[in-house]
Amino acid sequence: MFKRLEQLNTLTELSALINSTLDTGEIRERAIVAAIRLLDAEAGSLILIDQDSGDLFFEVAIGEQGNKVKEVRLKKGEGIAGWVAEKGEAVIIHDVQSDQRFFKTADKRSTFITRDMVCVPVKTKDKVIGVLEAINRKNGIFDEEDKEALTSLANQVAIAIENANLYQELREVFYGTAQALAETIEKRDPYTGGHTKRVMNYSIAIGKAMGLSKKEIENLRLAAILHDVGKIGVRDNILLKEDRLDPEELEKMNMHPQYGSDILSHVKKLRDIIPGVRGHHERIDGKGYPDNLRDGDIPTIARIIAVADTFDAMTTDRPYRKAMSSEAAFEELRKNSGIQFDKDVVEAFIRGYKEMGFVQ
């Protein structure tokens, strides 16, 4: 009874942890940690089903040789995990080495010896999407209470994975729509083909070189995709002009960051990226637009996009000039560091550009 109560308390705690993220990678890792802790096991695995081929693969395995175990793929019905996935039934096996279903390759590749295990299906809406295993109980043997506890955990894992997959699908649709909108605007100007994608890639390189968090990188990515969305409000005779703009035309062109922020302000979920869209033409010396911000008043996301955007403009052909080499553009960025651009951002870009191997 004490063991059962302890497992229930642990299960409640672990289930909350697993369902506190929508990152599928984190869910998988937390599921394994949870299985090991819940059943006091030496190791564990979450074996997922490839929905296209039906094969099973070790997505995550924890233990001394877990990195090798996750390389293994099983055919449908192969191994104990394959059997559980095919039958949809949980099993306890006290002598794995003697079980005819056991797939010995996993142990051979990992040099890990599997003695006993509990293996349960991970199901969503009666569909098996994977198998959760706890391997080698540290004290005593696995029993029915262990199987029930791991099955309850697998149910929570299934819900978390399903929610994460749905979120990922929605996220991909959202990013795809944003990218399509940006490319639609690009189509108006034949000289800026691929500009949005390059600025996005350069911005991400800077963000990573600066050590931004995962969330900050995501906001940066989306802001870079949509940084020129306001150009939809600029007339073609200005946007497509092949000569340099006169002062009046330039003033109208310079309205596009404000147009962009106005457009995106209608979408509540985009509030964190608006500063990057609105501020990507601000300057460190305060002579930028639309708000004449200076130094630290300019959001980091905007300072990053400013460098990425300018570099791409300098290194691509325009009707009135030829593209610069990347080295010449680096020199120009350095020359204007502390005046137009943030010094740290410029150095992070040059470092990140070389590390990520960008080729013009």
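If I take every Cα pair under 8 Å that is 6 or more residues apart in the chain, average their sequence separation and divide by the length, what percent do I get for the relative contact order?
For the chain, the relative contact order is 12 percent.
By its C-alpha gyration tensor, with a ≥ b ≥ c as the square roots of the eigenvalues, how is the range 173-355 shaped: rounded for a/c under 1.5, else prolate for a/b larger than b/c, else oblate?
Here the range 173-355 falls in the rounded category.
How do Met356, Met117, Met314 line up, fewest other C-beta atoms within 10 Å first?
Met356, Met314, Met117
Where does helix 300-314 land angle-wise versus the long Cα axis of the chain, in degrees 0 to 90, nearest 10?
60
Can you list the HN-Hα couplings for the range 271-281, worked out from phi with the Karplus curve (6.51, -1.76, 1.60; θ = phi - 60°), rounded to whole Hz and with x for Gly and Pro?
4, 6, 9, 4, x, x, 5, 6, x, 6, 10
Would you mind getting me the FRET efficiency between Gln168 and Ile232? Use the beta-carbon distance for r and R0 = 35 Å, nearest 0.05.
0.75
Just to confirm the number: angle between the C-alpha axis of helix 214-225 and the first principal axis of the chain, 0 to 90 degrees, nearest 10?
The two axes meet at around 40 degrees.
To the nearest Å, what is the center-to-center distance of the range 294-319 and the range 163-214, using C-alpha atoms only?
So the two Cα centres are separated by 16 Å.
For mean projected area of the Cα convex hull in nm², the listed values are [x] 22.1; [y] 19.8; [z] 23.5; which was obtained by calculation from the structure presented?
For mean projected area of the Cα convex hull in nm², the calculated option is [x].
Between 0 and 90 degrees, rounded to the nearest ten: what's the tilt of helix 144-186 against the longest Cα principal axis of the chain?
The angle comes out near 20 degrees.
For labels at Arg351 and Lys335 in the simple 7 Å Cα→Cβ model, what's the distance in nm?
2.5
Could you name the aspartates and glutamates whose alpha carbon sits less than 15 Å from that of Lys87, not counting residues in the same chain fewer than 8 places away?
Reachable aspartates and glutamates: Asp55, Glu78, Asp126.
Mind sorting Ser98, Ser261 by how few other Cβ atoms lie within 10 Å of their own Cβ, fewest first?
Starting with the residue having the fewest Cβ neighbours, the order is Ser98, Ser261.
Can you pick out the pairs among Lys252/Lys343; Lys214/Lys354; Lys287/Lys322; Lys208/Lys252; Lys197/Lys322 whose Cα atoms lie more than 24 Å from each other?
Flagged as over cut-off: Lys252/Lys343; Lys287/Lys322; Lys208/Lys252.
Among Val96, Val33, Val199, Val267, what is the fewest-to-most ranking by other Cβ atoms within 10 Å?
Result, fewest neighbours first: Val267, Val33, Val96, Val199.
Since every read-out is calculated from the coordinates, none of them should be taken as a lab result. A quick note: this is a predicted structure, and the numbers were derived from the prediction, not measured. Cβ coordinates were reconstructed from backbone atoms using ideal geometry, including for glycine residues, and neighbour counts include every protein chain displayed.
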